[in-house]
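Structure first, then comments.
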There are 2 protein chains.
Amino acid sequence: MNIALDMMGGDFAPLEAVKGIEIYLQQKNAATKLFLIGDETAIQKLLPQHAIPADDITLIHAAQVIEMYEHPTKALKEKQQSSIAIGFQLLATGKADAFISAGNTGAMMVGALYSIKAIEGVMRPTIGAYMPKENGNLGLLLDVGLNADCKPENLLQFAVLGSLFAQHILQVEKPRVGLLNLGEEEGKGNILTQATFPLLKNNTLINFIGNIEGRDVLLDKADVIVCEGFTGNVILKFAESIYDIVQRRRIDDEHFNRFNFENYGGVPVLGVNKPVIIGHGISHATAFKNMILIAERMIEKDLSGKIRESFVMRDQ
Amino acid sequence: MNIALDMMGGDFAPLEAVKGIEIYLQQKNAATKLFLIGDETAIQKLLPQHAIPADDITLIHAAQVIEMYEHPTKALKEKQQSSIAIGFQLLATGKADAFISAGNTGAMMVGALYSIKAIEGVMRPTIGAYMPKENGNLGLLLDVGLNADCKPENLLQFAVLGSLFAQHILQVEKPRVGLLNLGEEEGKGNILTQATFPLLKNNTLINFIGNIEGRDVLLDKADVIVCEGFTGNVILKFAESIYDIVQRRRIDDEHFNRFNFENYGGVPVLGVNKPVIIGHGISHATAFKNMILIAERMIEKDLSGKIRESFVMRDQ
């Protein structure tokens, strides 16, 4: 399998991406080929220092970079030679089976939607975030910002997408799906969650366990928690700030250390036709290594194919 | 001033309320009279053990109690002799100037809206929650669950109500108002926050500083943070769970210790005609003492009057 990696994305590019590849190669899957996209000279210079044999990778020069502050659609249109644009070209033409970047999130989303497109039947692709449970497990909260306004049908689709990811990639059997809400009982909620509850309850593709309150997000009640992207984004950033505070206050605690979101190595865009993984802007080596591992797993398990099957079934 | 206290509300009634009064009396305001509403025999028995002189309080018997699980409207209608119903009767007839309870939140809200009613011009009264900032300050987040679905005008009113509370009760000069959102820049957000931003920006009653992200809630960027009650409720309960985790993991940290929400002693219902304070179900003595102090301050400063003035002005 061929995995394309944007070497210019993130605050510490390309060094941390190179370091991540170095770690990855120590446990390399023989069947994986890495395409490194970015400033050839800059990357070339780093490779020998990081024990990356030229045979293990293919370098693809990108003359441009989309910066973090740039307008996604405009930048992608104007910078056809950027690492992100080239990554999606490789993906769309089948030369790569997955594309990873810690760069401009908006550009990654726009690129995914316009080049490899949403899977038929998926109204709104989504991105989630991992939530570290106190018992050591990992939950998936989605959407976390891509879809600020949602309809009940969108939340139902997030539940299906999240379940498939949890089952095949996080290896959770029969993932429990919870609906983020302001009360536990059926009937509680705002207009959106009240209308979403019966859709989740009556859907046979998912294992719906009911409403989940804010206080339950970090407990191991559900493996997949669905919400619209507004609340999800606020919760994610609030949780990130908890980690910042814990760091600043020099609290060393096993559970709170797991709030270090960059360790999880990025989240997939769920609902598009091929594996696309978006990393945090502050991604370090471990994050890059983990993103490659997740991409491998998504390709191996053919997650996109499994999503297509579920959504075809749903249409019948 | 006369403050009515529901002695039967909360998980540790009436003992913790009695203990709270005991602490309060050590720093008693001479002008304050306390009306204790509840099971006369049960309370009577506790008073001598807690150094509460009969002269300092007036006991008012309530033969019924509205339990935490009861349906608010139904319970209030059927239990006219409950401590909550009697409290609102005292408030509505002017015998009490403020009413405090750690009992059934829904019943407290229904009681407030039906007996003393919303201030003219206030579309939706609201309740907020304190957010402990890392620098030691306290912010007010509102709404936290009363109004799950909101219009932009509701959020604007929450901003005005929260500002008046922060200014007169929390003693913050020119409170900074932030709009909880998923991005900092103007134009970001869901339909609701995009439409709310210009209303806040153009309103001269408040000191609007722009959007506040989830990661900024615990920083001292804004004194008052407004959002609809769905997101506010999820954030509040998430923050409460952080405190639970900190406790369970025996982390002793000054900042996280301030996440102990019961210490703040309850939040006022903002936008109704008289001071009503709702405590957490798990309120202990300190919380009850603090609720009495907040009630005193709300009466002294005539917060309800100041809200009335602002909303009359707004109508002109």
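The values are calculated or read from the model by the stated rules, or taken from the named source; none is laboratory data. Keep in mind the model is a prediction, meaning the values are calculated, not measured. Positions of Cβ are backbone-derived with ideal geometry, glycine not excepted, and every protein chain shown enters the neighbour counts.
Looking for something at pLDDT below 95, touching a helix residue (DSSP H, G or I) at 6+ places or on another chain (Cβ under 8 Å) and in a helix (DSSP H, G or I) - is there at least one such residue anywhere in the stretch B:29-37?
No, that holds for no residue.
Count, please, the residues in the stretch B:251-268 that happen to be under 15 Å from B:Glu296 (Cα atoms) and either in contact (Cβ under 8 Å) with a residue 40 or more places away in the chain or surrounded by fewer than 20 Cβ atoms within 10 Å (Cβ to Cβ) (or both).
Here the count works out to 4.
Tell me, please, whether a residue that is surrounded by fewer than 24 Cβ atoms within 10 Å (Cβ to Cβ), among the aromatic types (Phe, Trp, Tyr) and farther than 24 Å from B:Ile282 by Cβ can be found in the stretch B:32-41.
The answer is no; no qualifying residue exists.
Name, by its number, the condition in (1) closer than 25 Å to B:Met298 by Cα; (2) more than 9 Å from chain A (Cβ to nearest Cβ); (3) in a loop (DSSP other than H, G, I, E, B) that does not hold for B:Ile225.
B:Ile225 satisfies all of (1) closer than 25 Å to B:Met298 by Cα; (2) more than 9 Å from chain A (Cβ to nearest Cβ); (3) in a loop (DSSP other than H, G, I, E, B) except (3).
Every residue in the stretch A:76-90 that is over 24 Å from A:Lys289 (Cα atoms) and not in a helix (DSSP H, G or I), please.
Result: A:Lys79, A:Gln80, A:Gln81.
If you go through the stretch A:172-188 one residue at a time, how many are touching a Leu at 6+ places or on another chain (Cβ under 7 Å) and either surrounded by fewer than 19 Cβ atoms within 10 Å (Cβ to Cβ) or on the phi > 0 side of the Ramachandran plot (or both)?
Final tally of qualifying residues: 1.
Out of A:Glu67, A:Glu22, I need the residue that is part of a helix (DSSP H, G or I) and among the charged types (D, E, K, R). Which one?
After ruling out the rest, the residue left standing is A:Glu22.
Which strands (runs of 3 or more DSSP E) sit wholly inside the stretch A:91-197 and have at least 2 residues that are under 13 Å from the mean Cα position of the chain (by Cα)?
Ranges flagged: A:98-101, A:126-132, A:138-142.
Of all residues in the stretch A:199-222, which are facing chain B (nearest Cβ under 8 Å) and not aliphatic (A, V, I, L, M)?
If the condition is that a residue be facing chain B (nearest Cβ under 8 Å) and not aliphatic (A, V, I, L, M), then A:Glu213, A:Gly214, A:Arg215, A:Asp216 are the ones that fit.
Can we say B:Leu200 is outside any loop (DSSP other than H, G, I, E, B), modelled with pLDDT of 95 or more, assigned by TED's automatic domain parsing to the domain that holds B:Arg176 and in contact with a Cys (Cβ under 9 Å, 6 or more places away or on another chain)?
no
Go through the stretch A:232-316 and tell me which helices (runs of 4 or more DSSP H), entirely inside it, have 3 or more residues that are more than 14 Å from every other protein chain (Cβ to nearest Cβ) and touching a helix residue (DSSP H, G or I) at 6+ places or on another chain (Cβ under 7 Å).
Correct list: A:285-300, A:303-315.
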